[in-house]
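Structure, as structure tokens:
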Amino acid sequence: MRAYLARRLWQFVPTLAGVVLFVFFLFNWVGGDPAYLLAGKIPNPDMIEAIRRSLGVDQPYYVQLWIFIQQIASGDFGVSWATNERVSRIFATRLGPSLTVLVPLLVISTLLALAAAMLSAYLRGTLTDRAIMIGCTVGQSISILVYILALQYLLAYQLGWFPVQGWGSGLGENLLRYSALPVLIGVLVSLAPDVRLYRSFFLDEIGQDYVRTARAKGLGEPRILWVHVLRNASIPVVTNVMMQLPGLLAGAFLIERFFGIPGIGREVILAVERSDFPVIKAVTIYVAVATMLANLAADLLYRAIDPRVQLK
């Protein structure tokens, strides 16, 4: 196990190096000169030069690349160009609100999707199965914007069951009051594709020889589904869940923006609107590292779920 971990961590180096070079190229050759973005509508040459010198973009490219690598190694991406707040502090303070919404969303959505997918696979071809699949197809056809605007207007504004927007100072208040409707919307959006995907995993396992053998031995369907089928189908489910984690942090920007949640997704939107390159660079690197760690965690979970899997 130690040799495997060391090998996988070493494989992170060329992957991360490729991401670093891509990000550096994207923002230095394609992104344009940031001094003109920060100088305002009526810049003058002296102001442009002073801004370029303060940002360090007047240095040769190899010097700028080395500074970028040092920032990644230290976890310190400097300060935001828009707010002068340290980028590390921005992410430290925005991570909590994002996790307050995303952790319950992921747990509830995964459990509901597994239950609905297992029921649909067990009742394959029946009216219940078709109803679930039709509901999933309709659910996938509706944009997340429709969910947000419709439920925010109906449940929050008209009925007053939830706050329309806002965020509190306590975990309990945020979890039970302010994040309840965003979590509900996130579950509705993610449930349909997950049910369809997990249903296919269950159907693949139900058609295997070990299921027919278990039935021939007289095992009941509930035991076959919950003990044997679920255990084997959980391997691709783990992959799907783990691969969702990095993207969820930056991908919930619409929910956070509409509900005024001060999370990472909302911060990404603000950074793009302000051309705040240090924040955008940090997000890109953080998501890349989180994706690699999620892949590693998924492989380790494979080993825990099925000891026959050999990690090579």
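Return the residues of the stretch 79-88 that are surrounded by fewer than 18 Cβ atoms within 10 Å (Cβ to Cβ) and more than 18 Å from Ala290 (Cα to Cα); say none if nothing qualifies. Step through it out loud before you land on a result.
Residues of the stretch 79-88 surrounded by fewer than 18 Cβ atoms within 10 Å (Cβ to Cβ): 79, 82-86, 88.
Of everything in the stretch 79-88, those that are surrounded by fewer than 18 Cβ atoms within 10 Å (Cβ to Cβ) and more than 18 Å from Ala290 (Cα to Cα) turn out to be Val79, Ala82, Thr83, Asn84, Glu85, Arg86.
I'm trying to understand the selection: among the residues of the stretch 129-149, which are outside any helix (DSSP H, G or I) and either of a type outside the set (A, V, I, L, M, F, W, C) or in contact with a Pro (Cβ under 6 Å, 6 or more places away or on another chain) (or both)? Lay out the reasoning, then the answer.
Filtering the stretch 129-149 down to residues outside any helix (DSSP H, G or I) leaves 142-143.
Ser143 - this is the single residue of the stretch 129-149 that is outside any helix (DSSP H, G or I) and either of a type outside the set (A, V, I, L, M, F, W, C) or in contact with a Pro (Cβ under 6 Å, 6 or more places away or on another chain) (or both).
Does Gln152 satisfy being within 24 Å of the chain's Cα centre (by Cα), closer than 14 Å to Leu254 by Cα and not in a helix (DSSP H, G or I)? Quick ask: steps written out before the conclusion?
Working: within 24 Å of the chain's Cα centre (by Cα): yes; closer than 14 Å to Leu254 by Cα: yes; not in a helix (DSSP H, G or I): no.
For Gln152, the condition - within 24 Å of the chain's Cα centre (by Cα), closer than 14 Å to Leu254 by Cα and not in a helix (DSSP H, G or I) - is not met.
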Inset, instruction - Give the number of residues within the stretch 95-144 that are over 30 Å from Pro262 (Cβ atoms) and β-branched (Val, Ile, Thr). - result: 6
Inset, instruction - Inspect the stretch 181-195 for any residue being acidic (Asp, Glu), on the phi < 0 side of the Ramachandran plot, open to solvent by 40 Å² or more (accessible area, probe 1.4 Å) and assigned to a helix (DSSP H, G or I) and give the result as yes or no. - result: no
Inset, instruction - Kindly state which helices (runs of 4 or more DSSP H) lie completely within the stretch 1-91 and contain at least 2 residues that are at pLDDT 75 or above. - result: 2-25, 45-55, 61-74
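How many of the residues in the stretch 171-214 are polar (S, T, N, Q), under 20 Å from Gly139 (Cβ atoms) and more than 19 Å from the chain's Cα centre (by Cα)? Talk me through it step by step, then tell me what you get.
Residues of the stretch 171-214 that are polar (S, T, N, Q), as a first pass: 174, 179, 190, 200, 208, 213.
After this cut, where a residue has to be under 20 Å from Gly139 (Cβ atoms) as well, the list is 190, 200.
Right, trim to more than 19 Å from the chain's Cα centre (by Cα) and you get 200.
Of the residues in that region, 1 qualify.
The values are calculated or read from the model by the stated rules, or taken from the named source; none is laboratory data. None of the values given here were measured: they were computed from a predicted structure. Using ideal geometry, Cβ is built from the backbone for each residue, glycine included, and neighbour counts are taken over all protein chains shown. Please note that ligands, DNA and RNA were not included when accessible areas were found on the heavy atoms of the full protein model with its side chains. Shrake-Rupley method; radii C 1.70, N 1.55, O 1.52, S 1.80 Å.
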